1. Within the set of pairs 6+ apart or on separate chains, which have a first residue in segment 106-127 that is outside the structural domain of residue 222 (by TED's automatic domain parsing), a second that is modelled with pLDDT under 95 and surrounded by 16 or more Cβ atoms within 10 Å (Cβ to Cβ), and C-beta atoms under 7 Å apart?
2. Within the bounds of segment 58-65, is there any residue that is more than 24 Å from residue 159 (Cβ to Cβ) and part of a strand (DSSP E or B)?
3. For residue 168, work out the one condition from (1) in contact with a strand residue (DSSP E or B) (Cβ under 8 Å, 6 or more places away or on another chain); (2) surrounded by fewer than 19 Cβ atoms within 10 Å (Cβ to Cβ) it doesn't fulfil.
4. Is it the case that some residue within segment 186-198 is at pLDDT 95 or above, under 23 Å from residue 113 (Cα atoms), touching a strand residue (DSSP E or B) at 6+ places or on another chain (Cβ under 8 Å) and assigned to a loop (DSSP other than H, G, I, E, B)?
5. If you check every pair at least six apart or on different chains, which have Cβ atoms under 6 Å apart with a residue in segment 188-216 that is over 12 Å from residue 160 (Cα atoms) first and a residue that is assigned to a helix (DSSP H, G or I) second?
6. Residues 174, 214: which one is surrounded by fewer than 24 Cβ atoms within 10 Å (Cβ to Cβ) and either within 16 Å of the chain's Cα centre (by Cα) or modelled with pLDDT under 95 (or both)?
7. Report, by residue number, each residue of segment 73-128 that is at positive phi and in a loop (DSSP other than H, G, I, E, B).
8. Mind listing whichever residues of segment 76-113 are within 20 Å of the chain's Cα centre (by Cα) and surrounded by fewer than 13 Cβ atoms within 10 Å (Cβ to Cβ)?
């Protein structure tokens, strides 16, 4: 893991962001948590994330296997060590974490509408068309999701996902190809950030390190790199 230069972030404990999924499941998202004191996960139809409190605790790999089952594929974030016998490495990459700065100017958007259970099929469809990242049928339950419809079709979306104490992640930023370059993604991100700040939280984002265009767009809005981290996909022993 590579940490960016320290940012002065008032009114929020940034250390929870080093293990954002765990601090979500052990904090504001505890009602979703499946697992125990060492390893927790979201229900499969809510989010694919599995969180480990610490990799230094003896028995963590056994607890992880017991939680997800044998022969299961698991995504791990922030772990850079080796794997025990029987665990299969499937692949990995590098991601970035960005946090809001004083340059961010959030504002509500008049065209944005709040999305809920009745919009779930449309939300899954726009995710399928644009592949913004992991999104499951009940992901919208994790926070506030908004979108823009044109002629009845959901053409842009963004919302809230991980929620470590004091912070809320902006996620699922998706715009259909025929509606890009109209500023819709930026408008929705600023709207989501506005409501996050209204609750007293700070906003953060995650992106694949290779997605340089999205990262540049977020930095232009007023987000800054906080850290880089590795992610890996592994298969538990059968």
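The values are calculated or read from the model by the stated rules, or taken from the named source; none is laboratory data. Since the structure is predicted, the reported quantities are computational estimates derived from the model, not experimental observations. For neighbour counting, all protein chains shown are included, and Cβ atoms are generated from backbone atoms with ideal geometry for every residue, glycine included.
1. If the second residue must be modelled with pLDDT under 95 and surrounded by 16 or more Cβ atoms within 10 Å (Cβ to Cβ), no pairs are left.
2. Going through segment 58-65, the residues more than 24 Å from residue 159 (Cβ to Cβ) turn out to be 58-65.
Checking which are part of a strand (DSSP E or B) leaves us with none.
So far as segment 58-65 goes, no, none of its residues is more than 24 Å from residue 159 (Cβ to Cβ) and part of a strand (DSSP E or B).
3. For residue 168, the exception is condition (2).
4. no
5. Qualifying pairs under 6 Å: 207/214; 207/215.
6. Details: 174 fails: surrounded by fewer than 24 Cβ atoms within 10 Å (Cβ to Cβ).
Only one candidate qualifies: 214.
7. Once the filter is applied, which keeps residues that are at positive phi and in a loop (DSSP other than H, G, I, E, B), segment 73-128 yields 78, 86.
8. Applying the first criterion (within 20 Å of the chain's Cα centre (by Cα)) to segment 76-113 yields 76-80, 91-101, 104, 106.
Hits for segment 76-113 are 80, 91, 93.
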